[in-house]
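A short write-up of the structure that comes next.
The values are calculated or read from the model by the stated rules, or taken from the named source; none is laboratory data. Computed from a prediction, not measured in an experiment: that's the story for all the values here. Glycine gets a Cβ as well: all are built from the backbone with ideal geometry, and neighbour counts include every protein chain shown. Accessible surface areas use protein heavy atoms only, side chains included; no ligands, DNA or RNA. Shrake-Rupley method; radii C 1.70, N 1.55, O 1.52, S 1.80 Å.
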Amino acid sequence: MPSSLTRTYIRSNLSRTEFGRERIRQLREELNMTQENFAHEIGVTFATVNRWENGRTTPNKVAQKVLLLLEKKMRKMRKS
């Protein structure tokens, strides 16, 4: 079991990478994708992306990591 210091570190790092509704929508729109295409790309359902963008739910830790990787990939593509 992780120590309280480890749990605090993990929580603080997640809050820095947290994807809110606007960040998710912006990422999807920059990729020029529909909610359905975006959902397929990251391995979730259309309804899940819709709930994220409408602020009803937020991505879990695994989904946040996938979104972060996709965002980094997009930035790298822009630079080249």
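Of the candidates R11, R51, the single residue that is at pLDDT below 95 and either open to solvent by 40 Å² or more (accessible area, probe 1.4 Å) or touching a Cys at 6+ places or on another chain (Cβ under 9 Å) (or both) is R11. Pairing residues of the range 55-80 that are in contact (Cβ under 8 Å) with a residue 24 or more places away in the chain with residues that are open to solvent by 100 Å² or more (accessible area, probe 1.4 Å), at Cβ distances under 6 Å and at least 6 apart in sequence or on separate chains, gives G55/R21. Taking F19, is it at pLDDT below 95 and surrounded by 16 or more Cβ atoms within 10 Å (Cβ to Cβ)? Answer is yes for this residue. Scanning the range 24-34 for residues that are without any contact (Cβ under 8 Å) to a residue 24 or more places away in the chain and either in a helix (DSSP H, G or I) or surrounded by fewer than 15 Cβ atoms within 10 Å (Cβ to Cβ) (or both) turns up Q26, E29, N32, T34.
Of all residues in the range 35-57 being in contact with a Lys or Arg (Cβ under 8 Å, 6 or more places away or on another chain) and outside any helix (DSSP H, G or I), which is nearest to G20 (Cα to Cα)? It comes out as G55.
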